[in-house]
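The values are calculated or read from the model by the stated rules, or taken from the named source; none is laboratory data. Everything numeric in this text was worked out from a predicted model, so none of it was measured. Cβ: placed from backbone, ideal geometry, glycine included. Neighbour counts: every protein chain shown.
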Amino acid sequence: MRVERARAGQRRDVPSLVESARSGDPRAVARLISLVEDASPRLREVAAALIPYAGQAEVIGITGAPGVGKSTCTSALVTAYRRAGRRVGVLAVDPTSPFSGGALLGDRVRMQEHATDPDVFIRSMATRGHLGGLAWATPQALRVLDAAGCEVILVETVGVGQSEVEVAGLADTTLVLLAPGMGDAVQVAKAGLLEVGDVYVVNKADRDGADRVGRDLRHMLALGEHREGSWIPRIVRTVATTGDGIDAVVDAVTQHRAYLRESGELARRRTRRAHDEIAELTLVDLRKRLDLLPHDRRLDALAERVVAGELDPYQAADELVAEVLGAPSPS
Ligand SMILES: Nc1nc2c(ncn2[C@@H]2O[C@H](COP(=O)(O)OP(=O)(O)OP(=O)(O)O)[C@@H](O)[C@H]2O)c(=O)[nH]1
Ligand SMILES: [Mg+2]
């Protein structure tokens, strides 16, 4: 019975799934995000159905070294936003693993208290197996939550590396978490996160060394250049496990939001995001087309001509590009 219902769910057409998601049906939301995550052939249809409803949510990125307390902090923020009566989405993105679960299991445990709240949508997503990685999948998943009426969406990245900076690019406001002993100011600087944080959260303020982490951070931020009228990153101390300082994080995010609106930066960030998204999709499409070419011997023929000295590799690449651009889209 359950299997049959699940199959029926799979067969539901995209517009009806989007309709259900918009009325707050968590299974429709989950199904749509799965279509995104699996790079379903119906992804284009999903994207087209979602776009009229997107662009409402406040997107808050949460990043930082493993174990600094991102999930605990996210959960505490969910509590705070729920108290304010807002519908909340949480997207935990794991760019280092091709599988959901695993590292994300701990996150689910920390999110447990929100599991039965119908106004909280929690999804985890693995992006590594994706062509083009994180860049194109996450914005679509965000649009699903946005269309489902989430007013605030918290995006946590698990893992380290360039992906943290990528996620910062997806959010309206980026929180960078630090904690004594792990993810201190020097590590944050090395990870390139001193440029992307709008609010810096010194978590585990109950531990020794939190003062020093905060001091080092303030010092390093002061070394950066500051343009007249631009946002000055806030630093907030928290103990995510007790919720201490979380209201101050919410205040800082609200102030940043106001700055984004008043300065016109919100519109600029969103346009830049759409710009990056289009560029990324274009690259994915071109890569797909190039992947087809070794099989039609065209590339081999060009390689032979280069080896024979008839063409230089730039001319060969030009020929290939001209051919790829002239071919119909493979997807
Ligand atoms: N003492 C103390 N412990 C904390 C605090 N916040 C989180 N923790 C603990 O730190 C550990 C890691 O917390 P998580 O929230 O899972 O950290 P995370 O950054 O999401 O970890 P990953 O997702 O694995 O990168 C857990 O055992 C938390 O209970 C805090 O403010 N003080
Ligand atoms: Mg986590």
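The number of residues in the stretch 284-309 that are modelled with pLDDT under 75 and surrounded by 15 or more Cβ atoms within 10 Å (Cβ to Cβ) comes to 1. Among the residues of the stretch 48-55, at least one is hydrophobic (A, V, I, L, M, F, W, C), more than 16 Å from ligand 1 (Cβ to nearest atom), surrounded by fewer than 17 Cβ atoms within 10 Å (Cβ to Cβ) and within 15 Å of THR138 (Cα to Cα). Taking every residue in the stretch 23-45 that is outside the structural domain of ALA147 (by TED's automatic domain parsing) and pairing it with any residue that is among the basic types (Lys, Arg) and not in a loop (DSSP other than H, G, I, E, B), at least 6 positions away or on another chain, the pairs with Cβ-Cβ distances below 6 Å are ILE33/ARG123. Within the option set ARG234, ARG227, being more than 16 Å from ligand 1 (Cβ to nearest atom) and at pLDDT 95 or above holds for one residue only, ARG234. If the condition is being of a type in the set (Val, Ile, Thr), more than 15 Å from ligand 1 (Cβ to nearest atom) and buried (at least 18 other Cβ atoms within 10 Å of the Cβ), then the stretch 175-218 contributes VAL196, VAL199.
Where helices (runs of 4 or more DSSP H) sit wholly within the stretch 14-121, those with at least 2 residues that are modelled with pLDDT of 90 or more, closer than 30 Å to VAL188 by Cβ and more than 13 Å from ligand 2 (Cβ to nearest atom) occupy 70-83.
For the stretch 176-202, a residue qualifies if it is under 20 Å from GLN255 (Cα atoms) and not hydrophobic (A, V, I, L, M, F, W, C), and the qualifying residues are GLU195, GLY197, ASP198, TYR200.
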